[in-house]
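A.B. asks: One structure coming up, written as structure tokens, with questions to follow.
The values are calculated or read from the model by the stated rules, or taken from the named source; none is laboratory data. For clarity, every value in this text was computed on a predicted model and none was experimentally measured. Cβ placement follows ideal geometry from the backbone for every residue including glycine, while neighbour counts extend to all protein chains displayed.
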Amino acid sequence: MPSARSPLFFLHIPKAAGTSLRVALENALGGRLVHLYDDHPGCRAGQVMSRQLPDDVVIYGHYNVGLHRRFHQSPRYATVVRPPVERVLSWYNFQRSNPALAYYDAVRKTSLPDLLKANAFKELRNHMTGMIAGRKPRGPDDLETLSLAKTHLVEYFEFVSTTNHLTEDFHALEALLGLTLPSLPRVNVTPVSDHAADLKACGEVIREFNQLDIELYDFILSFREKKRRASLPPPLGERFMKPTFTAHNILLDSGETTRPDMPATMESDLRFQAARRVLETVFPGDKSQLRLADLGCLEGGYAVEFARMGFQVLGLEVRDSNIAACRYVKNHTNLSNLSFVQDDVWNITRHGHFDAVFCCGLLYHLDRPAAFLNQLAAVTTKLVILQTHFSPSNEEKKERAVRFPLSEPECHEGLEGRWYTEFEQAPTAEQREEAKWSSWENSRSFWPRREFLLQAIRNAGFDLVLEQFDSLGPGIAESLINGEYKTDCCGTFIGIKT
């Protein structure tokens with residue numbers, strides 16, 4: 001069976017169409033929608049955590065980012081926000097119009113400006129920033145909390161919309177949930193106030209005490225637009241215009257190859273052949289229900305071959321030119337089980353769980369390899385294949401004549417190893433894009449020693465740890481003594497959860 005995705009945590013921001021959306025989700029999801037509201041009996045966090053939750057559950061309610069840690073789950077969030085002045089006005093008017101609400105008496109007797117100045121209710125001051133940051137802002141100019149909220153949006157949120165764009169964004173939410181949603185009902189809508197003109201006059205004081213929310217909302221508009229554009233297919237001409245391939249010679253369905261100057265295609269690549277042997281051993285038989293991630297997939301060559309083996313393959317690649325090559329390959333191969341997403345590999349937890357992860361030529365471009373291995377272990381149910389450089393010891397460095405300029409030995413993340421300089425200075429966006437064989441954000445990378453790399457794989461949670469030598473080709477002994485393994489300190493490492 002396919003690996004179940006971790007829960008989606010859907011933040012219900014008060015007076016941001018949350019109740020209407022909840023009703024639509026209830027109708028579509030049924031028991032997969034779990035309510036979490038600490039002011040509702042039976043819906044408090046501790047009670048929800050004590051229940052056996054279904055797969056692919058959506059946890060919906062009034063809570064802050066950070067709840068995933070209490071559930072020991074990956075951070076997958078979604079929310080809908082509202083223009084801050086509108087939201088505060090709506091909240092105030094809603095509370096003062098319904099005698100059954102807990103705040104009715106206090107709100108009914110006090111003007112909105114006085115409530116704002118008194119900081120009487122958390123919902124009135126930068127509440128969206130607090131929920132998304134996971135902590136209440138310490139003041140109206142708490143830029144640290146605002147920055148944290150922006151970071152969470154970029155790193156944790158798979159869906160963000162606004163009340164003004166929700167209908168337009170419905171298809172993206174349906175794609176995320178894998179279902180068709182009913183039209184959005186109008187539920188819990190604030191009645192039109194007789195004092196609407198007076199309330200609108202409060203706009204200035206609302207803005208004064210909600211500057212963080214106003215800036216965050218503008219950031220969300222920009223963030224949403226970037227995500228929307230990234231989800232669009234390229235223009236028809238670009239989809240079929242062949243980009244320049246620099247590494248992978250991929251056989252396309254037409255019989256053409258992406259690098260005709262190379263004598264062999266990816267199917268003959270030694271690294272792919274070695275990976276295929278491991279995959280066939282661990283996953284014999286039908287693979288159509290197994291998910292495999294190819295991280296830092298470059299031009300998509302390995303991903304294509306894994307899809308041809310039958311896996312459900314996701315290729316993750318961050319550079320524009322490489323993802324353009326991947327999309328070209330996707331459009332020229334009839335593989336419905338192959339998809340590519342442009343994203344940083346550090347965001348792997350956004351993309352669900354995988355039965356296998358293939359990581360070729362990537363680990364040695366990271367500055368926190370142990371932390372990354374821990375992330376892989378969190379999303380991998382069975383197998384990880386790492387093809388990477390490692391650092392030699394002092395004695396090995398003298399014997400091997402290693403051709404890479406590495407630092408003196410250091411201890412980092414509890415691992416012994418050496419630093420490799422990727423960029424002398426912090427790279428610009430253009431330099432990062434052009435440097436296809438370098439890291440993405442970090443200016444230097446840490447290469448653990450072979451012994452410590454094996455230990456790090458074990459520590460991450462893979463209890464069967466192996467080094468695979470057949471990726472060196474038929475001349476294993478020669479490569480170990482005089483070849484690439486000796487001069488490049490490059491090997492294949494396997495982690496399996498038994």
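A.B. asks: So which residues in the stretch 124-141 are surrounded by fewer than 19 Cβ atoms within 10 Å (Cβ to Cβ), touching a residue at least 40 places away in the same chain (Cβ under 8 Å) and not basic (Lys, Arg), if there are any at all? Before you say what the answer is, go through the steps one by one.
C.D. replies: Just the residues of the stretch 124-141 that are surrounded by fewer than 19 Cβ atoms within 10 Å (Cβ to Cβ), to begin with: 134-136, 138-141.
Filter again for touching a residue at least 40 places away in the same chain (Cβ under 8 Å), leaving 134-135, 140-141.
Hits for the stretch 124-141 are Gly134, Pro140, Asp141.
A.B. asks: Now for a different question. Could you tell me whether any residue of the stretch 190-203 is farther than 20 Å from Ala78 by Cα and at pLDDT 80 or above?
C.D. replies: yes
A.B. asks: In this structure, is Leu173 closer than 30 Å to Leu29 by Cα and either in a loop (DSSP other than H, G, I, E, B) or modelled with pLDDT of 90 or more (or both)? If you could, list the steps in order and put the result at the bottom.
C.D. replies: Numbers: closer than 30 Å to Leu29 by Cα: yes; either in a loop (DSSP other than H, G, I, E, B) or modelled with pLDDT of 90 or more (or both): no.
The answer is no for Leu173.
A.B. asks: Taking interchain pairs and intrachain pairs at least six residues apart, which have beta carbon atoms under 6 angstrom, with the first residue in the stretch 421-437 and under 25 Å from Cys360 (Cβ atoms) and the second among the small types (Gly, Ala, Ser)?
C.D. replies: Between residues of the stretch 421-437 that are under 25 Å from Cys360 (Cβ atoms) and residues that are among the small types (Gly, Ala, Ser), the close pairs are Glu422/Ser438; Glu422/Ser439; Glu422/Ser443; Glu422/Ser445; Phe423/Ser443.
A.B. asks: Could you tell me which residue of the stretch 147-159 is surrounded by the fewest Cβ atoms within 10 Å (Cβ to Cβ), considering only residues that are of a type in the set (A, V, I, L, M) and farther than 13 Å from Arg350 by Cβ?
C.D. replies: Applying the filter and picking the extreme gives Leu148.
A.B. asks: Out of the residues in the stretch 446-498 meeting the condition of being assigned to a strand (DSSP E or B) and without any contact (Cβ under 8 Å) to a residue 40 or more places away in the chain, tell me which one is surrounded by the most Cβ atoms within 10 Å (Cβ to Cβ).
C.D. replies: Going through the qualifying residues, I end up with Val465.
A.B. asks: Which condition breaks for Asp355 when tested against (1) within 19 Å of Leu466 (Cα to Cα); (2) touching a Leu at 6+ places or on another chain (Cβ under 8 Å); (3) assigned to a helix (DSSP H, G or I)?
C.D. replies: Here Asp355 meets the rest and fails (3).
A.B. asks: For residues in the stretch 232-258 being loosely packed, with under 12 Cβ neighbours inside 10 Å and of a type in the set (Ser, Thr, Tyr), which is modelled with the highest pLDDT?
C.D. replies: Filtering first and then ranking leaves Ser254.
A.B. asks: Here is a further query. Could you name every one of the helices (runs of 4 or more DSSP H) located completely within the stretch 1-75 that has at least 1 residues being aliphatic (A, V, I, L, M), at pLDDT 85 or above and surrounded by 18 or more Cβ atoms within 10 Å (Cβ to Cβ)?
C.D. replies: Numbers: elements: 18-29, 45-49, 67-70.
The helices (runs of 4 or more DSSP H) meeting that bar are 18-29, 67-70.
A.B. asks: Okay, moving on. Working only within the stretch 291-320, note down all residues that are in a loop (DSSP other than H, G, I, E, B), touching an Asp or Glu at 6+ places or on another chain (Cβ under 6 Å) and at pLDDT 95 or above.
C.D. replies: Scanning the stretch 291-320 gives a single hit, Cys297.
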